Amino acid sequence: MKFEDIEKGKKKWLIVGSIVIIFLVSMGIFANNYAKYQNIKDIKLVEENINYKSDYKMMAMYKSDDGTNYTEIDTMPESGYAINEEKSYCTVDSNTQVKGKLKTINGIHSVTGLKKNEKCYIWFDLKNLTIDDIIATLNPKTTTPTFSNIATTDEGVYSVSDGMYGGNSYYWRGAATTNYVKFAGKCWRIIRINGDKTMRLIYDGATCHNNGETTTDSIAVASTAYSSSYNKSEYVGWKYTEGLQRPSSITSGTNALIKTTLENWYNSNIGNNTTYSSKIADGKYCNDRNVQSGQSWASAPSNIFYYAGYKRLYTDYAPTLSCAALDTYTLKVGLITADEVMYAGGKNANNTSYYLYNGQDYWTMSPYMWNGSAGSYVFYVYSGGHLNWNGASSAIGVRPVINLKADTLFASEGNGTQNNPYVVK
């Protein structure tokens with residue numbers, strides 16, 4: 001019996017020992033798994049909202065610069081990237097995906113309503129710039145520049161009431177340094193952001209040019225007469241009807257030669273590419289054929305008369321973005337107006353420093369005068385950078401102007417400078 005008691009005692013200690021060993025092993029496994037989890041997400045939460053910073057580690061994180069190819073990352077990006085809400089999710093049981101908790105708000109990555117033991121899988125996309133983002137950086141001036149002076153330095157961006165689009169337009173003035181855009185494999189300069197947040201661009205050539213640079217590069221895409229004829233005043237029209245100051249409707253009339261030339265260039269360089277053409281807005285372009293106050297229009301009078309732009313820009317130095325309905329054309333491509341040249345820093349005096357200067361002559365879309373037997377005249381930008389006028393049948397350069405849609409996206413790293421332009425995605 002004593003032997004049996006000893007054996008029972010041994011068995012008892014063996015059982016106790018085994019339990020202790022199993023417990024220690026289990027604790028080791030738990031600690032190891034817990035440590036691994038702590039490396040993944042070193043934070044304890046119970047139903048609370050958190051704004052994560054870069055030193056927090058999630059269950060898994062991935063980053064992409066093109067929205068397609070992702071690589072796993074160890075550290076959450078603090079800027080330049082946004083959480084892809086469609087792909088990202090959190091889960092407790094590794095099966096059920098819970099979305100809507102992961103967002104990037106004003107540049108801060110936010111996780112809301114996270115539960116204890118919930119693990120998150122986050123995909124980050126390179127954040128694209130919007131036109132709203134660009135507007136937010138402008139700090140536009142609300143004062144009115146002295147338009148009787150040319151603008152030879154970078155005067156920044158101004159805000160002005162937009163009579164064509166409504167709201168306010170933001171325009172660059174002088175030797176602008178933050179209005180470069182790369183689009184359709186070419187360089188452009190921002191003239192202004194319109195009141196509807198479309199962006200108006202003027203062609204700057206295959207490469208981006210310095211302010212004040214005289215170049216023989218093809219900044220003018222063609223050299224052509226404004227109109228095939230000059231001996232009637234209606235030939236200053238973008239579209240015209242013989243014997244009328246302007247056609248009876250905005251869609252009727254004969255196309256000016258320059259309109260056809262410009263649209264052929266557009267169709268060959270942008271319109272034939274669905275990616276490019278999908279970015280182009282139906283822009284509003286002004287061909288102001290109002291006659292100066294106190295004078296009257298006629299098709300081919302012997303007397304001289306001026307269009308309203310002459311007094312507005314040469315006497316009053318008061319450019320406008322308003323335009324009569326029958327002079328406002330909805331186009332994919334057009335020309336800069338003489339008023340926009342003045343907003344940019346030009347006038348009837350040489351300016352070789354502002355961003356519209358390139359040492360070349362090019363047309364505007366604005367009628368200038370009827371000069372009796374000498375015929376119709378239209379404003380153009382002279383090679384010295386100033387507003388001048390020339391006969392409608394003279395061959396002068398053409399610089400296309402387009403408008404990008406308000407929802408256009410740009411690469412996040414661009415800042416509008418010559419070496420780092422805004423790049424359309």
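For the list (1) outside any strand (DSSP E or B); (2) under 23 Å from residue 222 (Cβ atoms); (3) touching a residue at least 60 places away in the same chain (Cβ under 8 Å); (4) β-branched (Val, Ile, Thr), I need the number of the one condition that residue 378 fails.
(1)
Return yes when residue 322 is assigned to a loop (DSSP other than H, G, I, E, B), open to solvent by 10 Å² or more (accessible area, probe 1.4 Å), closer than 23 Å to residue 249 by Cα and in contact (Cβ under 8 Å) with a residue 24 or more places away in the chain and no when it is not.
On the way: assigned to a loop (DSSP other than H, G, I, E, B): yes; open to solvent by 10 Å² or more (accessible area, probe 1.4 Å): yes; closer than 23 Å to residue 249 by Cα: yes; in contact (Cβ under 8 Å) with a residue 24 or more places away in the chain: yes.
Yes; evaluated as a whole, the condition is true for this residue.
If you take the residues of segment 400-410 that are assigned to a loop (DSSP other than H, G, I, E, B) and open to solvent by 10 Å² or more (accessible area, probe 1.4 Å), which of them is nearest to residue 182 (Cα to Cα)?
The extreme case among them is 405.
If you take the residues in segment 64-86 that are modelled with pLDDT of 90 or more and in contact with a Ser or Thr (Cβ under 7 Å, 6 or more places away or on another chain), which one is farthest from residue 104 (Cα to Cα)?
70
Out of 184, 151, which single residue is at positive phi and open to solvent by less than 30 Å² (accessible area, probe 1.4 Å)?
Details: 151 fails: at positive phi.
Exactly one of 184, 151 is at positive phi and open to solvent by less than 30 Å² (accessible area, probe 1.4 Å), namely 184.
Quick one: which residue in 254, 207, 177, 241 is within 22 Å of residue 280 (Cβ to Cβ) and open to solvent by 30 Å² or more (accessible area, probe 1.4 Å)? Don't jump to the end; show me each part of the working.
Details: 254 fails: within 22 Å of residue 280 (Cβ to Cβ); 177 fails: within 22 Å of residue 280 (Cβ to Cβ); 241 fails: within 22 Å of residue 280 (Cβ to Cβ).
Answer to the check: 207.
Please go through segment 63-113 and pick out each residue that is open to solvent by less than 40 Å² (accessible area, probe 1.4 Å), touching a residue at least 40 places away in the same chain (Cβ under 8 Å) and part of a strand (DSSP E or B).
64, 73, 81, 82, 83, 109, 110, 111, 113
Identify the residue in segment 218-238 that is open to solvent by 50 Å² or more (accessible area, probe 1.4 Å) and closer than 20 Å to residue 335 by Cβ and, among all such residues, is modelled with the lowest pLDDT.
So in segment 218-238, the residues open to solvent by 50 Å² or more (accessible area, probe 1.4 Å) come out as 218, 223, 228, 230-232.
Next cut, closer than 20 Å to residue 335 by Cβ only: 218, 223, 228, 230.
Working: 218: 70, 223: 95, 228: 94, 230: 96.
Across segment 218-238, the extreme among qualifying residues is 218.
Just a yes or no: is a residue in segment 378-399 of a type in the set (Gly, Ala, Ser), buried (at least 23 other Cβ atoms within 10 Å of the Cβ) and under 21 Å from residue 281 (Cβ atoms)?
Filtering segment 378-399 down to residues of a type in the set (Gly, Ala, Ser) leaves 383-385, 391-395, 397.
Still in the running and buried (at least 23 other Cβ atoms within 10 Å of the Cβ): 385, 392.
Subset that is under 21 Å from residue 281 (Cβ atoms): none.
No, there is no match, as no residue in segment 378-399 is of a type in the set (Gly, Ala, Ser), buried (at least 23 other Cβ atoms within 10 Å of the Cβ) and under 21 Å from residue 281 (Cβ atoms).
The values are calculated or read from the model by the stated rules, or taken from the named source; none is laboratory data. No experiment lies behind these values; they were computed from the predicted model shown. Don't worry about glycine lacking a Cβ; one is built from the backbone with ideal geometry, like all the others, and counts go over all protein chains shown. Note: accessible area is taken over every heavy atom of the protein model, side chains too, but ligands, DNA and RNA are not part of it. Shrake-Rupley method; radii C 1.70, N 1.55, O 1.52, S 1.80 Å.
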